[in-house]
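The values are calculated or read from the model by the stated rules, or taken from the named source; none is laboratory data. Nothing here was measured: the structure is a model prediction, and the numbers come from that model. When we count neighbours, we look across all protein chains shown, and the Cβ atoms used for this are built from the backbone with ideal geometry, even at glycine.
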Amino acid sequence: MRSWALITGGSVRLGREIGLAFARAGWNVACHYNHSETQAHALCAELRALGVDALAVQGELEDEASCQSIFETTVAITGTALQCVVNNASLFVPDVGTDFDEAQALAQIKVNLMAPMRFGKWMAALHADSAQAMHHAKPSVIHVLDQKVFNLNPDYFSYTLSKLALERAVSLQAQSLAPTLRVNAVAPGLMYLSGPQTQDNFNRAAQANLLRHPINPADVASSVVFLAGNASITGTTVRVDNGQHLVPLARDVMFVVEELFKS
């Protein structure tokens with residue numbers, strides 16, 4: 001029986017790449033989406049063409065009841081074959097500390113932190129009875145972070161707060177949900193146009209890392225699949241960013257890229 005992976009925000013951008021990587025590795029894929037219905041169903045057709053099963057699951061992530069519906073709809077099809085949840089979806093709103101808005105920050109915390117905690121709890125409950133069974137790899141949750149949590153700057157203030165909490169939760173959740181579940185994360189660098197960024201700015205910013213070339217989203221996706229399949233890794237974050245976290249910047253890279261390349 002094939003294992004299933006549920007990927008939040010799974011229909012576009014990195015989520016899509018992760019789904020394709022799982023399918024190519026022989027996993028069935030549950031693709032969660034909120035608004036991108038057309039893209040989700042198109043991806044599922046593409047995944048089935050690769051020889052695996054696929055499921056599109058709709059729902060928003062701010063509300064616990066909606067998260068539970070997403071999870072239960074998936075489990076109704078997969079049962080305990082659901083072996084991995086990838087918390088890829090993020091809410092990303094520009095702000096700084098001086099214009100901190102509590103409602104906006106809370107919305108990002110609900111999507112970026114609380115939803116991953118919920119899915120972890122429910123995955124642990126789903127697999128509680130089989131915790132001592134011998135599997136090739138224990139089931140897992142994998143969080144998608146941001147290299148920014150290792151290379152702080154004050155831009156995207158509330159988003160960064162939520163991702164900092166999620167980064168700390170990797171170890172804490174791994175301890176809390178062991179031995180039933182493994183918990184890991186990937187921390188990508190800049191891969192796609194972000195917010196108001198222009199294509200020219202992106203082309204320059206994508207090289208602002210130690211290796212001086214753009215990060216391939218497929219490399220991030222293959223790292224997620226590696227973590228899902230490796231039975232001995234838990235509580236670990238893999239930084240897939242061409243060393244971007246080792247290039248300290250006073251502001252978000254999109255705002256300083258011109259000055260950076262002049263120097």
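Of note:
- Long-range neighbours under 9 Å by Cβ, at least six apart or interchain, first residue in contact (Cβ under 8 Å) with a residue 12 or more places away in the chain and on the phi > 0 side of the Ramachandran plot within the range 23-39, second in a loop (DSSP other than H, G, I, E, B) and crowded, with 18+ Cβ neighbours inside 10 Å: 26/3; 26/52
- Among residues of the range 196-218 that are farther than 16 Å from residue 239 by Cβ and of a type in the set (D, E, K, R), those with a beta-carbon under 6 Å from a residue that is surrounded by 17 or more Cβ atoms within 10 Å (Cβ to Cβ) and at pLDDT below 85 at least six positions away or on a different chain give the pairs 204/257.
- Residue in the range 65-86 that is within 20 Å of residue 36 (Cα to Cα) and under 14 Å from the mean Cα position of the chain (by Cα) present: yes
- Screening 212, 182, 251 for residues that are at pLDDT 85 or above, farther than 25 Å from residue 142 by Cα and either touching a His at 6+ places or on another chain (Cβ under 9 Å) or not hydrophobic (A, V, I, L, M, F, W, C) (or both) leaves exactly one candidate, 212.
- Checking each residue in the range 24-35 for being among the small types (Gly, Ala, Ser) and surrounded by fewer than 21 Cβ atoms within 10 Å (Cβ to Cβ) picks out 25, 26.
- Restricted to the range 194-206, and to residues there that are buried (at least 16 other Cβ atoms within 10 Å of the Cβ) and assigned to a loop (DSSP other than H, G, I, E, B), the residue that is modelled with the highest pLDDT is 206.
- Filtering the range 67-113 to residues that are among the charged types (D, E, K, R) and either without any contact (Cβ under 8 Å) to a residue 24 or more places away in the chain or within 16 Å of residue 166 (Cβ to Cβ) (or both) leaves 72, 99, 102, 110.
- None of 186, 170 is crowded, with 24+ Cβ neighbours inside 10 Å and in contact with a strand residue (DSSP E or B) (Cβ under 6 Å, 6 or more places away or on another chain) except 186.
- Answer residue from the range 219-235, given it is in contact (Cβ under 8 Å) with a residue 40 or more places away in the chain and over 25 Å from residue 247 (Cβ atoms) and is surrounded by the most Cβ atoms within 10 Å (Cβ to Cβ) among those: 228
- Of the residues in the range 75-93, not one is touching a His at 6+ places or on another chain (Cβ under 6 Å), among the hydrophobic types (A, V, I, L, M, F, W, C), surrounded by 14 or more Cβ atoms within 10 Å (Cβ to Cβ) and not in a helix (DSSP H, G or I).
- The set of residues from the range 10-33 being assigned to a loop (DSSP other than H, G, I, E, B) and more than 19 Å from residue 77 (Cβ to Cβ) comprises 12, 25.
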